[in-house]
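**Student:** Below is one structure. I have some questions about it.
The values are calculated or read from the model by the stated rules, or taken from the named source; none is laboratory data. It should be emphasised that the depicted structure is a prediction, and the values quoted were computed from it without experimental measurement. For neighbour counting, all protein chains shown are included, and Cβ atoms are generated from backbone atoms with ideal geometry for every residue, glycine included. Protein only, heavy atoms only, side chains kept; ligands, DNA and RNA dropped before computing areas. Shrake-Rupley method; radii C 1.70, N 1.55, O 1.52, S 1.80 Å.
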Amino acid sequence: MVYGIVKLINFAHGDVFMVGAFVSYYAVARFRLHQWPAAAFPGFPEVPSMIIGSITVILLSMVVCVLLAVTIERVAYKPLRDAPRIAALITAIGVSFFLEYFGR
């Protein structure tokens, strides 16, 4: 668990990583984002194309995870900074459940 500076056990930490993994999966499986340089520039060498495309998929996943984490922090955790610890703990579990069931 990640306890951190804010003294909050974030149960949704792994679920944010799950969303990033799904973003990477769909970017590769459905949208073939890992092959975009070869599609955009015909004749581009295959190995550099795959490297650039893979880095693009990783960066996309990172950006989505950052946006999701910032949104969760602003919407769910920040309003509860001065609330009792149990309220923040219940909210963290609720956010985790929401992300898990949304992922299904």
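**Student:** Scan segment 61-98 for trypsin sites (Lys or Arg not before Pro) in coil per DSSP, keeping those whose Cβ has at most 12 other Cβ atoms within 10 Å, and list them by number.
**Tutor:** Taking segment 61-98 and a limit of 12 other Cβ atoms within 10 Å, the loop trypsin sites (Lys or Arg not before Pro) found are ARG81.
**Student:** I would also like to ask the following. Under a crude label model (7 Å from the Cα following the beta-carbon direction), how far is VAL63 from LYS7 in nanometres?
**Tutor:** 3.7
**Student:** Give me the percent of accessible area attributable to carbon and sulfur for the chain, probe 1.4 angstrom.
**Tutor:** C and S fraction of accessible area: 72 percent.
**Student:** Would you please name the chymotrypsin sites (Phe, Trp or Tyr not before Pro) within segment 3-104 that are DSSP coil residues with at most 15 other C-beta atoms within 10 Å of their C-beta?
**Tutor:** Passing both the DSSP loop test and the Cβ count: TYR3, PHE31.
**Student:** Run lengths n ≥ 4 of DSSP H only: what is the helix-derived mean residue ellipticity at 222 nm for the chain, with -39500 (n - 2.57) per run over all residues, to the nearest 500?
**Tutor:** On the way: 4 runs with 68 residues, N = 104.
Rounded to the nearest 500, the figure is -22000 deg cm²/dmol.
**Student:** Of PHE98, VAL66, SER49, whose Cα points farthest to the positive end of the dipole of the chain (charges on the beta-carbon: +1 Lys, Arg; -1 Asp, Glu; origin at the Cα centre)?
**Tutor:** After comparing all options, I get PHE98.
**Student:** When the dipole is taken about the Cα centre of the chain, and only Lys, Arg (+1) and Asp, Glu (-1) are charged at their Cβ, what size is it in debye, to the nearest 20?
**Tutor:** 220
**Student:** A further question follows. Scale the Cα Rg of segment 36-96 by the rule-of-thumb value 2.2 N^0.38 Å and send over the ratio, two decimals.
**Tutor:** Normalised Cα radius of gyration, segment 36-96: 1.89.
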